[in-house]
Each structure stands twice: as structure tokens, then as C-alpha cells.
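The values are calculated or read from the model by the stated rules, or taken from the named source; none is laboratory data. In this text, all values refer to a predicted model and were calculated from it rather than measured experimentally. Note that we place each Cβ from the backbone using ideal geometry, even for glycine, and neighbour counts take in every protein chain shown. Remember, those area values only see protein heavy atoms, side chains included, never the ligands or the DNA or RNA. Shrake-Rupley method; radii C 1.70, N 1.55, O 1.52, S 1.80 Å.
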Amino acid sequence: MKKLEHIGIAVKSLEDSNALFEKLFGKENYKVETVESEGVSTSFFQVGETKIELLEATKEDSAIAKYVAKKGEGIHHLAFEVEDIYEEMDRMRSEGFIVLNDKPKKGADNKLVCFLHPKSANGVLVELCQEIKS
Ligand code: ZN
């Protein structure tokens with residue numbers, strides 16, 4: 001793994017949380033993006049080397065909606081950048097982690113992503129992400 005790429009935070013209202021995190025960081029987000037397939041709207045802040053991704057559900061049955069209903073707002077996942085996501089997924093499986101996706105999927109911010117089940121990683125939802133090279 002190369003680095004902590006971003007921290008995902010589940011929120012109820014992207015609008016309210018954008019205003020809050022703008023105050024916290026003293027700067028505006030650089031991107032808002034909806035990932036329709038995941039039922040989520042995202043907002044990204046660059047904070048030094050790392051990014052903060054705010055996630056708001058756009059559908060009631062989306063993973064973020066379920067998370068917020070069950071656990072409330074808060075840290076949702078840690079995302080680590082990898083060089084080759086296919087290779088890392090194989091490595092994770094061989095190390096006994098539960099990889100939640102058969103294949104990487106297209107995430108926000110021009111990334112291929114996959115997730116590891118929190119129950120195989122001490123309760124942490126881990127995202128692996130790889131920049132889509134065009
Ligand atoms: Zn993420």
C-alpha cells in the first residue's frame with residue numbers, strides 16, 4: 001500500500017457538513033460528485049497529503065443510508081492507495097481478508113475501488129483505491 005488516500009465520513013446532509021468542514025479546514029471542497037450506482041453523493045476536501053470524503057446517501061437502501069441509520073454520522077472508512085488493485089485484492093484474499101467485491105468498481109474521484117469487510121479488519125471498513133490512468 002502506498003499511503004492513506006482519504007478518510008470517508010458518513011453524513012446526513014452534505015450541504016450542512018460541507019459548511020461545517022469548510023470552517024474546520026478553512027477552505028472549500030474541491031469536488032462534489034454523485035456515484036449513482038452506489039446511491040451516494042460525495043464531497044472532497046484536500047488536507048495536506050490526505051483527502052476527506054464526505055458521503056451522503058441519495059437512496060434509502062444505500063450502504064451509507066444504512067450506516068447512518070444504524071451508527072449515526074461519523075468515520076465510515078479508511079482508503080489506502082495501491083499501485084495495482086487487482087494484485088492487492090488477490091494478496092488480501094490470500095492473507096485471509098474478506099474482499100467485498102469480486103472485481104474493482106468505479107468509485108468517486110477517478111478511482112477504481114474495492115472494500116474489505118470490517119469483520120476481517122478489526123472493525124475497520126478498508127477501501128483500496130487505484131487511480132484510473134487515462
Ligand atoms: Zn472512499
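Just a few scattered comments:
- Net charge, Ile85 excluded, C-beta distance under 13 Å - Lys, Arg +1, Asp, Glu -1: -2
- Karplus (6.51, -1.76, 1.60) ³J(HN,Hα), θ = phi - 60°, over the stretch 14-26, in Hz, Gly and Pro reported as x: 4, 5, 4, 6, 4, 5, 5, 6, 4, 5, 4, 8, x
- Within the chain, antiparallel bridges make up roughly 75 percent of the DSSP beta bridges whose residues both belong there.
- Based on the reciprocal of the average 1/r between different C-alpha atoms, the Kirkwood radius for the chain equals 15.2 Å.
- Cleavage-rule hits, chymotrypsin sites (Phe, Trp or Tyr not before Pro), the stretch 7-114, DSSP coil, Cβ neighbours within 10 Å at most 14: Tyr30
- Within the accessible area of the chain (1.4 Å probe), percent carbon and sulfur: 51
- Heavy-atom accessible area with a 1.4 Å probe sorts Ile64, Ile98, largest first, into Ile98, Ile64.
- When all protein chains stay in place and ligands, DNA and RNA are ignored, the 1.4 Å accessible-area order of Met89, Met1, largest first, is Met1, Met89.
- Remark: the Cα gyration tensor places the stretch 47-103 in the oblate category, a/c being 1.5 or greater and a/b not exceeding b/c.
- Built amide H within the under 5 Å cut-off of Gly107, gap 5+: Leu112, Val113
- Rounded to the nearest 20 debye, the dipole size of the chain about its Cα centre is 260 debye, using +1 on the Cβ of Lys and Arg and -1 on the Cβ of Asp and Glu.
- When you filter the GluC sites (Glu not before Pro) in the stretch 23-125 for DSSP loop state and at most 14 other Cβ atoms inside 10 Å of their Cβ, you are left with Glu28, Glu49, Glu60, Glu83, Glu95.
- Average accessible area per residue (Å²) across the chain - probe 1.4 Å, nucleic acids and ligands excluded: 57
- Between Gly123, Gly72, Gly48, the Gaussian network model of the chain with springs among Cα atoms under 10 angstrom shows the greatest mean-square fluctuation at Gly48.
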